[in-house]
Amino acid sequence: MELAYYSDYAVRLVNTEEPARNKDTLTSVDAVRELFGEASQMSRRVTDADVTRFRSVRARLRAVFTAADAGDHTSAVDLLNSLLLEFPVSPQISGHDYLDDEGHPRWHMHLADHPSNATAGYAAIAAMGLAFHLTEFGADRFGLCQAAPCRNAYLDTSTNRSRRYCSDRCATRANVAAYRARKRLESERSDSTGRTDESSQDSTAPTER
C-alpha cells in the first residue's frame, strides 16, 4: 500500500463535519469504525471514548487544511508536525497483499496500526499520509472547498494545481450560482441604463407653453 493512500484518512475524518451547516456525522462508535473501513482490525478496538478523541484530532487536522488553504504553509507544517510528534507511526515493509507475475511479493511501505488505541492509530496514519503528500507535492495542494457553505477538505491532484472544489457536485453548484449572479448583474445594469436614458430624454424635451 503506497503512503499516498493514507492521506485520504485525514480527508475522510475532516469531512465528517460541516461547521457552516452545523452538520456532524461523527456521533457514534459505528461512525468512527466506518472511517477505518471494514477490513481494518483497528476498527474493532473503537470504544465510546474514541468518539470524543476523534473529534479532537479532526479539529487539528482541519486546522492544517485551513492554514494551507490560506497560504500560511509554515503554520500548516507546524500543526502537522505537532500531530506527528504526538502520534508516531510504525512503518513496516509489507508485500503480502501484492504479488508480481512470478508470484513474488511486491515490497512496499506499510504503516502499521498503532497498538495503544483506535484514535492514536488513525491519527498516526492520517498525519503521516498528509506529511508524505505535503513533502511530495506541496502545501498548496491542501484545499477547502470554495462552494460556500461546503468547506470540505480536499487534496488537489490536478496537473495545473487548479482545483477549487471538493467534488464535481460542488463545482457544478458554484458554476450555476456564478452564472445566475452574472445574469442578475447584467439585468440590473440594463435596467439602470434604461432608467438613465429615460431621465436624459425627459431633461432634453422641449418645455410646453
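All of the numbers you see were taken from the coordinates with simple rules; none came from a lab. All of these numbers come straight from a predicted model, not from anything done at the bench. Neighbour counts are summed over all protein chains in view; Cβ atoms, including those assigned to glycine, are modelled from backbone coordinates with ideal geometry.
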Exercise for the section: Neighbouring Cβ atoms within 10 Å as the yardstick, rank 184, 62, 55 fewest first. Expected result: 184, 55, 62
Handout entry: Taking 58, 189, 164 and counting other C-beta atoms within 10 Å, the order from fewest to most
Key = 189, 164, 58
Practice task
Give a residue-ordered list of calculated ³J(HN,Hα) values for segment 68-77 (Karplus: 6.51 cos²θ - 1.76 cosθ + 1.60, θ = phi - 60°; whole Hz; x for Gly, Pro).
Solution key: 5, 5, 7, x, 8, 5, 4, 5, 4, 5
Practice task
Run the quick spin-label model on residue 23 and residue 84: label points 7 Å from Cα toward the beta carbon, then report their separation in nm to one decimal.
Solution key: 3.3 nm
Practice task
Order by neighbour count: 6, 122, 179, fewest other Cβ atoms within 10 Å first, most last.
Solution key: 179, 6, 122
Exercise for the section: Largest first and to the nearest Å, give the Cα extent of segment 3-165 along each principal axis. Expected result: 50, 41, 27
Completion exercise
With a Förster distance of 25 angstrom and the Cβ-Cβ distance between residue 157 and residue 181, calculated FRET efficiency to the nearest 0.05 equals 0.30
